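The values are calculated or read from the model by the stated rules, or taken from the named source; none is laboratory data. In this text the structure is predicted, and so the values were computed from the model without any measurement. FYI the Cβ positions are ideal-geometry reconstructions off the backbone, even for glycines, and counts take in every protein chain you see. Accessible surface is based on the protein model in full, side chains and every heavy atom, while ligands, DNA and RNA are left aside. Shrake-Rupley method; radii C 1.70, N 1.55, O 1.52, S 1.80 Å.
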Amino acid sequence: MDVASILKKITVKRFVLYAILLLAFLASMVFVNNNYSLYDQPIAEIVKIDIKDTNKLVDVNDNEDRLTNQEITAVLKNGGDKGKTIYLANSYSLSKAYDYEYKVGQKVFVSINNDNMANEGLTGDIKEFKRDTHMVIITWVFIFILIIIGKKQGFLSIVSLVAIAILLSLALDIYISNPKISLILICALGAILFTSIALFLVNGFNEKTFSAIIATLLATFSSLLITCLVIWISNDNGLRYEEMQFLTRPYKMVFIAGLFIGALGAVMDVAVTISSSMFSLYEQNNNISLKALKESGREIGKDIMGTMTNILFFAYISGSIPILILYLKNNSPLGFTFAMNLSLELTRALAGGIGIVLAIPIGIYTTLFFIRRKRARL
């Protein structure tokens, strides 16, 4: 078969793949915009909005806000009252911290009042916004970008992500159904499965993958051990578990178990980078010395260590920005604000950072071990 035929075959396959993905996208959009019957809770589509009034509010700290009252007319899309008009009321503030401004065309979950009079029409309350359409769009944007840029590896990444999500859901279901089983043990076993599935699917069954898996697991478990030891020695001083106060399970165990999952992704990334880079250098020059490989791995580790640590820090801290602003806006002391809202996030970031740093030397020596074995077989 000549080169032109091969290229044509590849192009046809790619066209078929993109066509299937496009059809799947369109089908999913049609589905989520017509799946009202699958919900038990009434859904209504907003057809008209009238602004009743807008009031200016000032609190004791001179924070200004505006409260706007909406009178909403909507049509029910499911249930026994499907097709009927329902009248709703909504109030939203300028900050929209705990409320939402609704617009015509949006779909919302509602509750229907039981004391409705037949001649006055249906009335009710808005429970929440129907977000499945937006979630589907974001998911497909992610899928298209991943496949266009990563091609086969991108597709395998999606498969591994779906498999890991299913396994995580099953693991949590097992813990909820059997609370006597340690959540830490479940997450530890889950970490082994998640790492193996993700790396085997993306990189295949080879020595590079085995090296990355071993380095990831050793670094993750080591970082967790160090973190638990520090927490035990300090007797939890400085850690504020108030955000976990509604849990009906031991909050400390849940927090430590979460460290497994939180650090795993970043540590895996570092381990894969080290392993792939060193194996690539070896494959380009089989006579390269182990010392040169070690130095190369060390330089690569130095380059990615700071950026990966920053990624973890910003990923954890960014979720606390709204509540930090709320505390500071209400004149809470800076130290109290940070202690209340950032103690657990900083601990998670530090635990992940320890794992990232440990993954560099562990990844280097693990990769050297497999390269030495591979060279001995030649």
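In percent, how large is the relative contact order of the chain, given Cα pairs closer than 8 Å and 6 or more residues apart?
Rounded, it is 13 percent for the chain.
Provide the percentage of antiparallel DSSP beta bridges, counting only those with both residues in the chain; round to the nearest 5.
Of all bridge pairs located within the chain, approximately 90 percent are antiparallel.
Just to confirm the filter: which chymotrypsin sites (Phe, Trp or Tyr not before Pro) across the stretch 25-85 are DSSP coil and have at most 13 other Cβ within 10 angstrom of their Cβ?
none
Leaving out ligands and nucleic acids, and using a 1.4 Å probe, what accessible area per residue does the chain come to in Å²?
In whole numbers, the chain has 59 Å² accessible per residue.
Roughly to the nearest percent, how much of the accessible area of the stretch 18-137 is carbon and sulfur, given a 1.4 Å probe?
Percent of accessible area from carbon and sulfur atoms in the stretch 18-137: 54.
Need one number: the % of Cα-Cα pairs in the stretch 42-150 sitting beyond the 19 Å mark.
Above the 19 Å cut-off, the stretch 42-150 has 56 percent of its Cα pairs.
Over the Cα atoms of the stretch 231-378, what radius of gyration and what Dmax do you get, in Å?
20.3, 69
May I ask you to derive the relative contact order of the stretch 306-360, considering only C-alpha pairs under 8 Å and at least 6 residues apart, and to give it as an integer percent?
Relative contact order for the stretch 306-360 comes out at 54 percent.
Let me check against my output: what whole-number percent is the relative contact order of the stretch 236-378, with C-alpha pairs under 8 Å and at least 6 apart?
RCO, the stretch 236-378: 42 percent.
When the accessible area of the stretch 184-255 is computed with all protein chains present and a 1.4 Å probe, what percentage of it is carbon and sulfur?
72
Counting other Cβ atoms within 10 Å of each Cβ, which chymotrypsin sites (Phe, Trp or Tyr not before Pro) in the stretch 132-213 have at most 11 and sit in a DSSP loop?
Phe205
Beyond 29 Å between alpha-carbons counts as too far, so tell me which of Lys107/Lys151; Lys48/Lys329; Lys107/Lys252; Lys151/Lys291; Lys151/Lys208 fall in that bin.
Those over the limit are Lys107/Lys151; Lys48/Lys329; Lys107/Lys252; Lys151/Lys291.
Considering only protein heavy atoms and a probe of 1.4 Å, how much of the accessible area of the stretch 260-314 is carbon and sulfur, as a whole percent?
56
For the stretch 293-378, which GluC sites (Glu not before Pro) are in a loop by DSSP, counting at most 10 other Cβ atoms within 10 Å?
none
log₁₀ I(q)/I(0) of the chain at q = 0.07, 0.08, 0.11, 0.13 Å⁻¹, via Debye over equal Cα point scatterers, no solvent, to two decimals?
Summing over Cα pairs of the chain leads to -0.50, -0.65, -1.08, -1.26.
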